Amino acid sequence: MDDIKKKFESLPSDVSLLAVSKGQSVQKIRYLASKGQCNFGESRVQEALPKLDALQDLNQITWHFIGKVQANKVRQVVKNFNVIHSIDSLKLASRISRIASEEFKKPKVMIQVKLREDPNKSGLSVEELLSVWKEFKQLTSIDIIGLMTIAPISLKSDERKLLFRECRLFADHLRLKDCSMGMSNDWEEAVEMGATWIRVGSLLFGDRDNHN
Ligand SMILES: *Cc1c(COP(=O)(O)O)cnc(C)c1O
């Protein structure tokens with residue numbers, strides 16, 4: 001893990017590394033945290049909560065939720081995570097805002113956008129988000145900081161770059177600072193095209209125990 005961490009030391013100052021720790025052990029998270037990594041991302045509530053619990057003493061960690069948020073898990077996500085990258089509908093955003101207000105929280109959130117057809121991924125298209133953007137902005141207990149996107153695996157490098165560029169321009173258009181894009185295989189392209197958060201799992205930690 002040491003060599004790889006070096007790779008990320010030269011990230012531009014406006015780009016942050018989110019270490020995606022799903023499928024990784026508490027020990028590995030602890031190790032990276034001891035090397036100065038503060039942001040970790042999990043994608044399943046059930047897996048994440050015991051890990052958060054076991055790492056409670058590391059209060060420098062900011063926890064990000066990057067997976068599909070199920071309606072019945074919203075309260076747990078709101079209570080345990082500081083940032084949510086994966087808001088894929090207005091309905092979910094409204095629910096998160098309502099529950100956050102009940103919990104006296106105001107999570108930072110990103111809206112997941114789907115800029116290419118991809119049956120395996122969720123997210124709003126540009127048209128969909130534009131049509132409900134006003135309603136999103138009226139939600140008072142979430143702080144919308146950016147957009148998140150995942151490039152379909154079928155894309156070639158230049159097609160991915162175009163997609164990342166579109167995400168950056170769309171965020172700029174909405175006056176949002178953050179773009180959460182780029183993973184182990186495409187983070188360099190995402191940084192080049194204007195990511196502010198890269199979500200890197202296997203490249204940082206090695207292979208996961210479970211693949212999701
Ligand atoms: C698993 C996951 C990642 C990290 O994937 P790697 O290929 O291991 O870097 C990033 N973003 C999301 C949404 C994920 O689910």
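The values are calculated or read from the model by the stated rules, or taken from the named source; none is laboratory data. For clarity, every value in this text was computed on a predicted model and none was experimentally measured. Virtual Cβ from ideal backbone geometry, glycine too; neighbours counted across all protein chains shown. Note: areas computed on protein heavy atoms with side chains; ligands, DNA, RNA excluded. Shrake-Rupley method; radii C 1.70, N 1.55, O 1.52, S 1.80 Å.
Listed by chain and number, the lysines whose alpha-carbon sits under 22 Å from that of Lys105, ignoring those within fewer than 8 places in the same chain, are Lys51, Lys68, Lys73, Lys79, Lys91, Lys134, Lys137, Lys177. Protein heavy-atom accessible surface, 1.4 Å probe, per residue over the chain: 50 Å². Per residue, the average separation of C-alpha pairs within less than 8 Å and at least 6 apart gives the chain a relative contact order of 21 percent. Pop the C-beta distance of Ser122 and Leu58 into the FRET formula with R0 = 45 Å and round what comes out to the nearest 0.05. After rounding, the FRET efficiency stands at 0.90. Between amide H atoms placed 1.01 Å from N, distances below 5 Å from Ile144 occur with Val109, all of them 5 or more places distant or on a separate chain. Summary of the geometry: the range 183-212 and the range 92-160, compared by the centres of their Cα atoms, lie 19 Å apart. Report note on the peptides 59-67, 154-162: ranked by the mean count of other C-beta atoms within 10 Å, highest first, their order is 59-67, 154-162. Counting only the Cα atoms, the chain fills a convex hull of 121 Å³ per residue.
Taking 0.36 nm per residue of separation and subtracting the Cα-Cα distance, what length does fully extending Asp209 through Asn80 add? 44.1 nm is the gain from fully extending Asp209 to Asn80. For the chain, carbon and sulfur atoms together expose 48% of the accessible surface, with a 1.4 angstrom probe and every protein chain in place. DSSP bridge analysis restricted to the range 1-94 gives an antiparallel fraction near 0%, rounded to the nearest 5.
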